[in-house]
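Enquirer: Before I ask anything, here is the structure I am working with.
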Amino acid sequence: MPVQSVLVIQGPNLNLLGTRQPAIYGHETLNDIHARLQRTAQSAGISLTSFQTNHEGALVDRIQQAPRDGIDFILMNPGAYTHTSVAIRDALSAVNIPFIEVHLSNIHAREAFRHRSFVSDIALGTICGLGSQGYDLALSYALQRGKES
Ligand code: DQA
């Protein structure tokens, strides 16, 4: 089944993209990235919704809401919660919607506490270190997924 409806979920501090440590996270804003993803989704004829929050519980709520919204694929950058949140991991496991974990920076080339991810092993795949292009690559994968079968 081709993917019809993608949800992009962004965790804490990603609302600051553009001004937040640009040497690590780049100069693009979250709006720039989401607008580009939206254009790609539109030309592919699928629906794409973007969501950002700084609150762990709100991320859990949004993940839980996804099946009711008919979401069939998730791109998620959990931000710092990547390295701490059993609750987000459990929510992603519970909804059982395929997802790609995206990080702008290469978390493995940074501080040791960023090397561990609570979601990588339940993700379809992980993209990190490719800047905002990681989201485009993940969306391109989602668009291809299911088309061959
Ligand atoms: C991040 C990496 C995390 O370690 C960090 O806490 C973030 C952003 C990234 O996209 O590179 O907030 O997820």
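The values are calculated or read from the model by the stated rules, or taken from the named source; none is laboratory data. Fair warning: this is a prediction, and the values are worked out from it, not measured in the lab. Glycine also receives a Cβ, built like all others from the backbone with ideal geometry; neighbour counts cover every protein chain displayed. When the accessible area is computed, the model is the full protein with side chains, heavy atoms only, and any ligands, DNA or RNA have been set aside. Shrake-Rupley method; radii C 1.70, N 1.55, O 1.52, S 1.80 Å.
Enquirer: With respect to Phe51, determine if the residue is touching a residue at least 24 places away in the same chain (Cβ under 8 Å), in contact with a helix residue (DSSP H, G or I) (Cβ under 7 Å, 6 or more places away or on another chain) and within 16 Å of the ligand (Cβ to nearest atom). Let's see the steps before the verdict.
Expert: Details: touching a residue at least 24 places away in the same chain (Cβ under 8 Å): yes; in contact with a helix residue (DSSP H, G or I) (Cβ under 7 Å, 6 or more places away or on another chain): yes; within 16 Å of the ligand (Cβ to nearest atom): yes.
Criteria met by Phe51.
Enquirer: Okay, next question. Take the conditions modelled with pLDDT of 95 or more, in contact with a Pro (Cβ under 6 Å, 6 or more places away or on another chain) and within 11 Å of the ligand (Cβ to nearest atom) and apply them to Gly131. Does it pass? Working first, answer last.
Expert: Values: modelled with pLDDT of 95 or more: yes; in contact with a Pro (Cβ under 6 Å, 6 or more places away or on another chain): no; within 11 Å of the ligand (Cβ to nearest atom): yes.
Answer is no for this residue.
Enquirer: For the condition among the charged types (D, E, K, R), touching a residue at least 12 places away in the same chain (Cβ under 8 Å) and open to solvent by less than 10 Å² (accessible area, probe 1.4 Å), what is the one hit in Glu101, Glu56?
Expert: Just one listed residue meets the conditions, Glu101.
Enquirer: Consider Ile46 against the criteria (1) open to solvent by 50 Å² or more (accessible area, probe 1.4 Å); (2) more than 20 Å from Ser132 (Cα to Cα); (3) not small (Gly, Ala, Ser): it satisfies all of them except one. Which criterion is unmet?
Expert: With (1) open to solvent by 50 Å² or more (accessible area, probe 1.4 Å); (2) more than 20 Å from Ser132 (Cα to Cα); (3) not small (Gly, Ala, Ser) applied to Ile46, the lone miss is (1).
Enquirer: Let me ask something additional. Mind listing whichever residues of the stretch 8-29 are within 11 Å of the ligand (Cβ to nearest atom) and under 17 Å from the mean Cα position of the chain (by Cα)?
Expert: Answer for the stretch 8-29, where residues must be within 11 Å of the ligand (Cβ to nearest atom) and under 17 Å from the mean Cα position of the chain (by Cα): Gln10, Gly11, Pro12, Asn13, Leu14, Asn15, Leu16, Leu17, Tyr25, Gly26.
Enquirer: Can you tell me how many residues within the stretch 107-126 are near the ligand (Cβ under 8 Å from one of its atoms) and under 21 Å from Leu139 (Cα atoms)?
Expert: The number of residues fulfilling the criteria is 1.
Let's see how each residue does on (1) more than 25 Å from Met1 (Cβ to Cβ); (2) polar (S, T, N, Q):
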{"site": "Ile63", "(1), (2)": "no, no"}
{"site": "Pro67", "(1), (2)": "no, no"}
{"site": "Ser85", "(1), (2)": "yes, yes"}
{"site": "Ala112", "(1), (2)": "yes, no"}
{"site": "Arg116", "(1), (2)": "yes, no"}
{"site": "Ser140", "(1), (2)": "no, yes"}
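Enquirer: Taking into account only those residues within the stretch 86-96 that are open to solvent by less than 40 Å² (accessible area, probe 1.4 Å) and either in contact (Cβ under 8 Å) with a residue 40 or more places away in the chain or farther than 18 Å from Ala138 by Cα (or both), which is farthest from the ligand (Cβ to nearest atom)?
Expert: Taking the candidates together, the pick is Val95.
Enquirer: Sort through Leu124, Leu75, Leu137 and tell me the only one that's modelled with pLDDT of 95 or more, surrounded by fewer than 21 Cβ atoms within 10 Å (Cβ to Cβ) and within 24 Å of Gly26 (Cα to Cα).
Expert: Leu137
Enquirer: Would you check which residues across the stretch 17-30 are closer than 19 Å to Leu75 by Cβ and aliphatic (A, V, I, L, M) and list them?
Expert: Those that are closer than 19 Å to Leu75 by Cβ and aliphatic (A, V, I, L, M): Leu17, Leu30.
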